[in-house]
Every structure is written in C-alpha cells, then in structure tokens.
Amino acid sequence: MSSVIIRELTPADTAAYRDLMIRGIEEHPESFRISPKDADEPVIPFARIRHGAFTLGAWLSESALVGTVSFERDMREKLRHKGLLYRMYVRKEASGMGIGRELIHETIMRAREIEGLEQINLTVIASNSPAKHLYASHGFESFALERRGLKMGETYHDEEQMALFLHGS
C-alpha cells in the first residue's frame, strides 16, 4: 500500500482538484449539493486566501490526488463560532485505505487551532450510512433532517445535518 500524503491544496493543484471533483460529482451526483453544471469553479476553494478556510488533498503520490475536503469558518459576527466541513470526496479506487478518516482528522485538528471556533457542521445525504458512520466515529452527532433537501430530476434525497462540538457541549 502506498503512503498517503495529506496537505493543503494550492493554486498549483487546481487541475488535479477540478478533475477529482468533476469525477466525484459525475459518479456520485446524489452525494454533492452541486451538479456538474454548477461545478465550473476554476480554483480550489480558499487556496491560501483566507484565515479559517482551507481545502485539504490526499495524495497517493505527487501526481495522484485521490481525496479532498474543504472547511470554512463562518465570518458573520453571530456565527463565527461555527465552521462548515464540505465537499468531502475520496475516489472509489482509494476507499478502504483510511483516507477519508485521515482527511476528517486533519480538518478537526486544524479547526481546533482556530481561535473562537466551537463547532464544525456538515451536511450528508441521510441514506449514506457509510459516510454518516465515518463522521459519527469522529464525534459528529446528528441534529436535524431536511426532507427532500436535494432534488435531482424527479428524485428527492433527504439531507442530515451533523455537528461536532470542539470543546464539549
């Protein structure tokens, strides 16, 4: 098994990031809030632009980006105590290697270093039991269910919101 390198993505990683996300959105459209039509972002979210926001990548080698996750702290005054984990994706060929677990762990460790941040929120498709189990194994707890949160054609998917309290509840 190859060793996994987890690092913050930079603008130099834009092509690899875009290819990975488009692949994920096309192969698992129900797992993302965006469609391929919406994914026309030419850059990595927050690649070194803003404190409290980052995108991490998991590499099997310097040329093989196989996983990613983004994090953003809410900057509004009354919501600054919260951040959002989103766009979590690991290629199917790399599943079972602990890459998702490492990405979430690194995100939580970095979030704990952000002064005043108290919780991390995320949204997951309610029927995605493996993802919910992975998040729960890191301490995330469900707090809401939005019925029919996503609509793809005539098919609806419920979305579950989960939170991790960084310093106890």
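Within the stretch 113-135, the set of residues being surrounded by fewer than 14 Cβ atoms within 10 Å (Cβ to Cβ) and modelled with pLDDT of 95 or more comprises H133 only. Of all the residues in the stretch 57-86, those that are aliphatic (A, V, I, L, M) and in contact with a Lys or Arg (Cβ under 7 Å, 6 or more places away or on another chain) number 2.
Restricted to the stretch 85-108, and to residues that are of a type outside the set (V, I, T) and within 9 Å of the chain's Cα centre (by Cα), which residue is surrounded by the fewest Cβ atoms within 10 Å (Cβ to Cβ)? Looking at the filtered set, the residue picked out is Y86. Of all residue pairs spaced 6 or more apart or on separate chains, those with beta-carbon atoms under 6 Å, a first member in the stretch 111-134 that is over 12 Å from S31 (Cβ atoms) and a second member that is among the small types (G, A, S) and assigned to a strand (DSSP E or B) are A111/G83; L117/G83; Q119/A163; I120/G83; N121/A163. With the requirement that a residue be β-branched (V, I, T) and over 16 Å from the mean Cα position of the chain (by Cα), what does the stretch 122-169 give you? Of everything in the stretch 122-169, just one residue is β-branched (V, I, T) and over 16 Å from the mean Cα position of the chain (by Cα), namely T155. Is it fair to say I22 is farther than 17 Å from T107 by Cβ and at pLDDT below 85? Spelling it out, it is not the case that I22 is farther than 17 Å from T107 by Cβ and at pLDDT below 85. Please count how many residues of the stretch 31-68 are within 13 Å of the chain's Cα centre (by Cα), among the aromatic types (F, W, Y) and at pLDDT 90 or above. Here the count works out to 1.
Do you know which of the residues in the stretch 67-114 that are of a type in the set (V, I, T) and outside any strand (DSSP E or B) is farthest from L56 (Cα to Cα)? The qualifying residue farthest from L56 (Cα to Cα) is I114. Summed over the stretch 12-27, the residues that are within 13 Å of K92 (Cα to Cα) and either without any contact (Cβ under 8 Å) to a residue 60 or more places away in the chain or more than 14 Å from the chain's Cα centre (by Cα) (or both) give a count of 4.
Looking only at the stretch 119-169, residues that are closer than 21 Å to G67 by Cβ and assigned to a strand (DSSP E or B) come to 8 in all.
The values are calculated or read from the model by the stated rules, or taken from the named source; none is laboratory data. Bear in mind that the values here come from a model prediction, so they are computed numbers and not experimental data. Note that we place each Cβ from the backbone using ideal geometry, even for glycine, and neighbour counts take in every protein chain shown.
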